[in-house]
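Where a number appears in this text, it was derived from the coordinates with a stated rule and is not lab data. Please read all numbers here as calculations on a predicted model, not as lab measurements. Neighbour counts run over all protein chains shown; Cβ positions are idealised from the backbone, glycine included.
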Amino acid sequence: MSNEDRKERGPEEEPQAEEKVQEPQGSPGDPASVEEPAPAEVVGEEPPSPEEPASEDELAQLREELETIRRERDEYLNALRRLKAEFENSRKRMERETQRIREAAAERLVAELLPVLDNLDRALEAEGDIREGVRATRDQLTDVLAREGLTPIASDGQHFDPSVHEAVMSQPSEEHEEGTIIQTFERGYMFNGRPIRPAKVVVAT
């Protein structure tokens, strides 16, 4: 195409751009796009009134109940104090009674041992062989202690009993069965049925 033809036709028209129509945000079915109506105000409703104060009769009844509770509390406390005082007095009486019994028992035992002491003094003052006097004094002392509950533990010829015997050594023996006590080194004693000192013995093997 020549330049003249271009001039006659004039400049070519530029195609117009299509205008885009902006769609509203959200679709008609979208709940976010629907505005919620404001809550309707309740007309004619009055705010709740404060509680009415207690009447004089109710206050008087509460005071009476409180006074009753206080009286019961005082009664319980007084009863508890009395029980505590009675318990303390009873404990002190028992302690005094126990001490009195101990002193009386010791006094009686000492009084019974005084004749034994007298006989030992006489044996020491006697001339010649004093073995008979010492033997008699020993028998007298044994009788006093037996009345108090002291008894010797049998040992010679008995079968060894670890609850009342203490083996200090063992010795082979053809005359005795194994476990038989053949000699006593130190006599054992029981007091009121309870061993207070085991007998020290030699046991046959």
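Here are some notes:
- D129 being assigned to a helix (DSSP H, G or I) and either among the hydroxyl-bearing types (S, T, Y) or out of contact with any strand residue (DSSP E or B) (no Cβ under 8 Å at 6 or more places or on another chain) (or both): no
- Within the stretch 155-181, considering residues that are of a type in the set (A, V, I, L, M, F, W, C) and surrounded by 17 or more Cβ atoms within 10 Å (Cβ to Cβ), the one nearest to L145 (Cα to Cα): V164
- Neighbours by Cβ (under 8 Å, 6+ apart or cross-chain): first from the stretch 72-88, exposed (fewer than 10 other Cβ atoms within 10 Å of the Cβ); second assigned to a helix (DSSP H, G or I): none
- Criterion: within 16 Å of V144 (Cβ to Cβ) and assigned to a helix (DSSP H, G or I) - qualifying residue of E107, E95: E107
Every residue, every condition in (1) of a type in the set (A, V, I, L, M, F, W, C); (2) part of a strand (DSSP E or B); (3) free of Cβ contacts under 8 Å to residues at least 24 places away in the same chain, yes or no:
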| site | (1), (2), (3) |
| --- | --- |
| L145 | yes, no, yes |
| S155 | no, no, no |
| E166 | no, yes, no |
| S170 | no, yes, no |
| S173 | no, no, no |
| I182 | yes, yes, no |
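- Listed conditions (1) without any contact (Cβ under 8 Å) to a residue 12 or more places away in the chain; (2) closer than 30 Å to L113 by Cβ; (3) surrounded by 14 or more Cβ atoms within 10 Å (Cβ to Cβ) are all met by G188, apart from (1).
- As a summary of the residue check, G133 satisfies the conditions (1) touching a helix residue (DSSP H, G or I) at 6+ places or on another chain (Cβ under 6 Å); (2) under 30 Å from I182 (Cβ atoms) except for the one numbered (2).
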